[in-house]
Amino acid sequence: MDDSVDRAILTAISRDGRATLSQLSEAVGLSVSAVQSRLRRLETRGVISGYQAILDPEQVGTPLSAFIEITPLDPAQPDNAPELLEHLDAIEACHSIAGDASYMLFVRVPSPRALEELVRDVRLAANVSTRTTVVLQTYYEHRPIIPVGSAE
């Protein structure tokens, strides 16, 4: 990302994905049509992969969040846990990690009982052992991604 104007546009929409073209134009000092053209180019290149609403988990009935580390029971089994777990909607993210575990899942569920059921489902679907850490409070998430560019 060598273009400082593109970085400024990306920073602005990362902070406010609902910013209008007019607001972006004002923020970066370009015309609305120039900003629109740059946004389209960034979308086409895959730099901007989409826009989405961020929901309040408590308001939508999934106030309990947790991290679940998973490790294959048999190290010789295929490394396909992400595919085997994709159907479980409570899994918000699946990360390949370094360390003792193979993957770290971030999940949201309505209750401790639902978490227990999800852990059981994860174990059965992927033939893995698990280690679960319940989130007590989240201080911040969905922070803006600030593009890094070359020195100017």
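The values are calculated or read from the model by the stated rules, or taken from the named source; none is laboratory data. These numbers come from a predicted model, not from an experiment. We place every Cβ from the backbone using ideal geometry, glycine too, and count neighbours over all the protein chains shown. SASA here: full protein model, heavy atoms, side chains in, ligands and nucleic acids out. Shrake-Rupley method; radii C 1.70, N 1.55, O 1.52, S 1.80 Å.
Could I have the simple spin-label model distance between R120 and Q36, label points 7 Å from Cα toward Cβ, reported in nm to one decimal?
The modelled label-to-label distance comes out at 5.5 nm.
Send over a whole-number figure in Å² for the accessible area per residue of the chain, probe 1.4 Å.
68 Å²
Mind giving me the FRET efficiency for I146 and D3? R0 is 22 Å, r the Cβ-Cβ distance, nearest 0.05 is fine. Kindly include the intermediate steps, with their values, before the conclusion.
Details: r = 15 Å, r/R0 = 0.67.
Approximately 0.90, to the nearest 0.05.
Please report the accessible area of F106 (heavy atoms, 1.4 Å probe, ligands and nucleic acids excluded) in Å², nearest 10.
Number for this one is 20 Å².
Using a 1.4 Å probe and ignoring any ligands, DNA or RNA, find the accessible area of V148 and quote it in Å² to the nearest 10.
Roll a 1.4 Å probe over it and V148 shows about 120 Å².
Run the numbers on the range 1-76 and let me know its relative contact order in percent, using alpha-carbon pairs under 8 Å that are six or more apart.
Computed value for the range 1-76: 19 percent relative contact order.
On a full-extension model of 0.36 nm per residue, what is the gain between E92 and V47, subtracting their alpha-carbon distance, rounded to one decimal in nm?
14.0 nm is the gain from fully extending E92 to V47.
Over the chain, what is the relative contact order in whole percent, taking alpha-carbon pairs under 8 Å and six or more residues apart?
Computed value for the chain: 32 percent relative contact order.
Toward the positive end of the charge dipole of the range 1-115, about the Cα centre and with charges on Cβ (Lys, Arg +1; Asp, Glu -1), which of I13, L105, Q23 goes farthest?
Positive-end residue among those listed: Q23.
Give the angle, between 0 and 90 degrees and rounded to the nearest 10, that separates the Cα long axis of helix 112-126 from the longest principal axis of the Cα atoms of the chain.
Its long axis makes an angle of about 80 degrees.
Under the Kirkwood approximation for Rh and a Cα-based Rg, what ratio Rg/Rh is obtained for the range 71-141?
0.96
To the nearest 10 degrees, how steeply does helix 4-15 sit against the main Cα axis of the chain, on a 0 to 90 scale?
50 degrees
Quick check: at a probe of 1.4 Å, how many percent of the accessible area of the range 61-120 sits on carbon and sulfur atoms? The partial results should precede the final answer.
Values: 1900 of 3530 Å².
The value for the range 61-120 is 54 percent carbon and sulfur by accessible area.
Suppose R0 equals 35 Å. What FRET efficiency, 1/(1 + (r/R0)^6) with r the Cβ-Cβ distance, do D56 and Q77 give to the nearest 0.05?
0.40
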